[in-house]
Amino acid sequence: MAAKDVLGRAGEDRAARYLEASGYVVLDRNWRIRDGELDLVVARAGELVVVEVKTRRGDGFGHPFEAVDDRKQRRMWRLAIAWIAAHPDEAQGRRLRLDAVALTGPDPATAVLEHLEDLR
Amino acid sequence: MTTARTWAIALTGLDGDLVEVEADLSNQTPEFRIIGLPDKALGEAVQRVHNASANCGLALPRRRLTVNLSPASVPKHGSGFDVAIAIASLATQGRMDADSIAQTVHIGELGLDGRLRPVPGVLPAVMAAAREGKRRVIVPHANAAEASLVEGIEVVGAVSLADVARWHGADVEERRLDPVPAPASVREQHGDADLADVIGQRDAVEALIAAAAGGHHMLMSGPPGAGKTMLANRLPGILPALDDAAALEVAAIRSLSGDPVSSLVRRPPLEAPHHSASIAALVGGGSRVLRPGAIARATHGVLFLDEVGEFPPSVLDALRQPLEKGAITIHRAGVAASFPASFQLILATNPCPCGNYGVRGASCICPPMAIRRYLGKLSGPLLDRVDIELGLARVSVAHAADLTVDAVTTDAAAARVAEARARAAHRLCDTPWRINARVSGPWLREGPLALAPVVRRPIDAALQRGSLTLRGYDRVLRVAWTLGDLAGRASPSMHDIGRALFMKKGITI
């Protein structure tokens with residue numbers, strides 16, 4: 001595993017813990033099909049949330065959220081629909097939402113965590 | 001605090017509209033958008049604001065910023081909104097005093113290093129802000145002197161964006177930056193030319209003084225080297241100094257043309273466009289940004305058209321409406337702008353294409369048709385508005401050697417002009433007019449001060465003979481009144497009428 005992937009995986013762990021602490025249930029992690037990958041799929045009450053996690057050591061190359069652009073969001077929607085098609089029972093009766101979690105700092109365990117709800 | 005607002009000014013011609021610049025910070029992925037009818041230069045403010053903020057140590061929030069310029073229907077152009085956009089955007093995080101920002105008008109362009117760069121049109125913009133009741137305006141350091149010409153508004157000159165932010169209470173470290181200097185003026189000054197330099201043209205000098213005293217439009221015709229340009233260049237020196245309102249209007253037009261303005265210039269302006277000038281160059285224009293033309297820059301001063309026979313007739317005819325109304329309104333898709341255009345028109349021409357027609361001791365080689373075509377461009381409605389037509393001859397050796405002793409200086413002429421204008425203004429105090437050139441024909445002929453038939457005899461005769469039209473009759477009367485004012489008479493004498501008639505019919509076309 002390359003260093004960046006280790007960092008990314010550590011960041012996703014941290015984000016999953018944070019979301020669980022906020023009352024969400026993690027339904028799926030790193031769900032991958034040919035089109036791409038969803039980092040986290042979580043749910044809380046009537047909400048089904050697809051979360052993109054971005055981890056960066058610093059903001060020398062821009063803020064993590066700057067990488068979640070329109071193209072990325074369109075792809076997330078497409079994958080989210082595909083996930084719902086693959087998991088109809090878990091998606092049933094829940095409203096879909098896209099979120100992003102950014103982690104900025106050398107160590108994901110202590111990095112600054114920011115959470116954007118309902119990207120549009 | 002996720003919204004912040006401040007003020008900027010959108011200029012349409014000389015009229016400024018207050019524009020509310022509101023910034024909203026929403027919890028979305030980073031983005032920076034400007035909405036509200038911006039043009040290309042204003043759309044690029046995104047990049048300038050981004051870099052300028054970063055280089056001032058004031059990072060923009062990493063969320064979605066939406067900047068709205070309202071009223072959204074007013075077209076906005078140029079880079080003068082940069083500072084207002086930057087300050088509103090930075091203030092969404094609440095690092096500055098929101099009240100202070102909401103009461104201040106910001107004008108200026110940002111450099112990538114965060115310094116404030118001067119913009120054209122600061123003077124009319126600040127005038128608009130003061131008129132709309134704003135108390136404070138922050139302008140680039142290089143425009144501070146210009147903005148301070150407006151009374152009743154506090155002017156703050158800022159060197160950099162950090163200065164502005166600190167002024168509103170942000171905690172930014174102070175860095176020494178050299179202010180961006182104002183652009184150097186490209187317009188030459190016709191300062192020191194004295195009327196006494198004009199040698200041997202006494203009639204012409206007297207006619208020039210009459211034109212200045214009565215505000216009469218004048219046409220000069222003479223061979224090359226007779227001194228037409230020399231005379232025209234000396235006219236602003238003998239006109240009365242501009243009053244506050246006029247000087248401010250002249251300065252506002254200069255500012256809009258992109259010339260640096262630092263003090264009020266009291267000398268009336270002189271504009272002498274080349275005869276290749278287009279209609280847009282003369283009356284003003286442009287596609288979206290309407291710029292003042294030569295006639296607007298000549299307002300309260302002199303518009304000198306040299307070699308008027310070389311101007312395209314369409315360009316000359318474009319002068320008719322502004323001559324009538326004293327203002328020009330330019331319409332383009334979606335915008336209309338008004339500029340003042342109350343100028344004194346001085347036309348100069350050669351008598352024919354080769355310049356020698358009617359000159360003693362020289363032979364004209366032009367065929368008759370060429371001469372008629374050359375001067376034919378002048379005839380018609382434009383010439384109808386010219387009160388004084390002056391024929392100039394070349395100065396002979398004898399005149400040049402002899403008459404330098406008692407040449408009229410600019411100061412002496414200016415004093416006579418001022419006295420004559422005061423006399424006219426006193427006489428016309430019950431009328432809407434202040435100078436003789438503006439007085440209406442019927443008032444001259446039948447008003448309370450109509451001349452006695454004895455005095456009028458020379459022009460009555462000319463009218464009956466048909467050598468003078470009724471419109472020409474009125475103009476001779478106007479010039480005669482001016483000559484009477486200059487001579488200190490209560491009303492023109494027969495002699496004044498005769499001289500006025502000569503000044504009207506001095507050129508045979």
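Explain nothing, just compute: Karplus ³J(HN,Hα) = 6.51 cos²θ - 1.76 cosθ + 1.60, θ = phi - 60°, for every residue of the range B:41-46 in order, whole Hz, x for Gly and Pro.
Each residue's phi maps through the Karplus curve to give 4, 6, x, 6, 4, 3 Hz.
Less than 20 Å apart at the alpha-carbon level, and either on another chain or at least 8 residues along: which lysines does that give for B:K504?
Qualifying lysines at Cα under 20 Å: B:K228, B:K377.
Of the DSSP beta bridges with both residues in the range A:3-116, give the percent that are antiparallel, rounding to the nearest 5.
Within the range A:3-116, antiparallel bridges account for around 65 percent of the total.
Calculate the length of the line joining the C-alpha centroid of the range B:448-480 to that of the range B:149-181, in whole Å.
That distance is 64 Å.
Are there any trypsin sites (Lys or Arg not before Pro) in the range B:196-295 that are in a DSSP loop and have at most 15 other Cβ atoms within 10 Å? List them by number.
Here the trypsin sites (Lys or Arg not before Pro) that fit, given the DSSP loop and packing criteria, are B:R266, B:R288.
When the Cα centres of the range B:284-319 and the range A:42-120 are compared, how far apart do they sit, in Å?
Each part reduced to its Cα centre gives a spacing of 62 Å.
Long-range amide H contacts for B:G258: which residues qualify at under 5 Å (H placed 1.01 Å from N, peptide plane, sequence gap of 5 or more or a different chain)?
Those qualifying (amide H under 5 Å, at least 5 residues apart or on another chain) are B:G121.
Determine the shielding of peptide B:214-221 by partner chains: average, over its residues, the number of Cβ atoms on other chains within 10 angstrom of each Cβ.
0
Explain nothing, just compute: Karplus ³J(HN,Hα) = 6.51 cos²θ - 1.76 cosθ + 1.60, θ = phi - 60°, for every residue of the range B:141-154 in order, whole Hz, x for Gly and Pro.
My calculation for the range B:141-154 gives 3, 5, 9, 5, 4, 4, 5, 5, 5, 7, 8, x, 8, 7 Hz in order.
Taking only Cα atoms, what is the 0 to 90° angle, nearest 10, from helix B:202-214's long axis to the longest principal axis of chain B?
So the helix axis and the longest Cα principal axis differ by about 50 degrees.
In deg cm²/dmol and to the nearest 500, what is the mean residue ellipticity at 222 nm of chain B if only DSSP H runs of at least 4 residues count, each as -39500 (n - 2.57), divided by the residue total?
Value at 222 nm, helices only, nearest 500: -10500 deg cm²/dmol.
Is there a quick way to get the dipole size of the range B:195-434? I mean about its Cα centre, with the Cβ of Lys and Arg at +1 and of Asp and Glu at -1; what is the value in debye to the nearest 20?
Dipole about the Cα centre, nearest 20: 480 debye.
Please list, by residue number, every one of the trypsin sites (Lys or Arg not before Pro) in the range B:306-360 that is coil in DSSP and has at most 15 other beta-carbon atoms within 10 Å.
Qualifying residues, ordered by number: B:R360.
With a ≥ b ≥ c taken as the square roots of the eigenvalues of the C-alpha gyration tensor of the range B:195-434, please select rounded if a/c is under 1.5 and otherwise prolate if a/b is larger than b/c or oblate if it is not?
Taking the square roots of the gyration eigenvalues as a ≥ b ≥ c, the range B:195-434 is oblate.
Quick one: helix B:244-256 against the long Cα principal axis of chain B, what's the angle to the nearest 10°, folded into 0 to 90?
It works out to around 60 degrees.
Residues of B:27-33, mean number of Cβ from any other protein chain within 10 Å of their own Cβ, rounded to a whole number?
6
So which chymotrypsin sites (Phe, Trp or Tyr not before Pro) in the range A:1-68 end up in coil per DSSP with only 13 or fewer other C-beta atoms within 10 Å?
A:F61
For A:K72, give me every one of the lysines with a C-alpha distance below 29 angstrom, ignoring sequence neighbours fewer than eight places off in its own chain.
Cα-Cα hits under 29 Å: A:K4, A:K54, B:K40.
Just to be sure I follow the definition: excluding the sites themselves, where is the longest run in chain B that has none of the GluC sites (Glu not before Pro) in a DSSP loop with at most 12 other Cβ atoms within 10 Å?
It runs B:189-509.
Per-residue HN-Hα couplings for the range B:322-334, Karplus 6.51 cos²θ - 1.76 cosθ + 1.60 at θ = phi - 60°, whole Hz, x for Gly and Pro?
Each residue of the range B:322-334 in turn: x, 4, 6, 9, x, 8, 9, 10, 10, 10, 9, 3, x Hz.
To test your reading of the geometry: what angle, between 0 and 90 degrees and rounded to tens, separates the Cα axis of helix B:453-465 from the longest principal axis of chain B?
90 degrees
If I model a spin label at B:A336 and A:W77 as a point 7 Å from the Cα along the Cα→Cβ vector, what separation in nanometres do I get?
About 4.4 nm separates the two model spin labels.
Here, each number is a calculation from the coordinates, and none is a lab measurement. Small disclaimer: the values here were computed from a predicted structure and weren't measured. Using ideal geometry, Cβ is built from the backbone for each residue, glycine included, and neighbour counts are taken over all protein chains shown.
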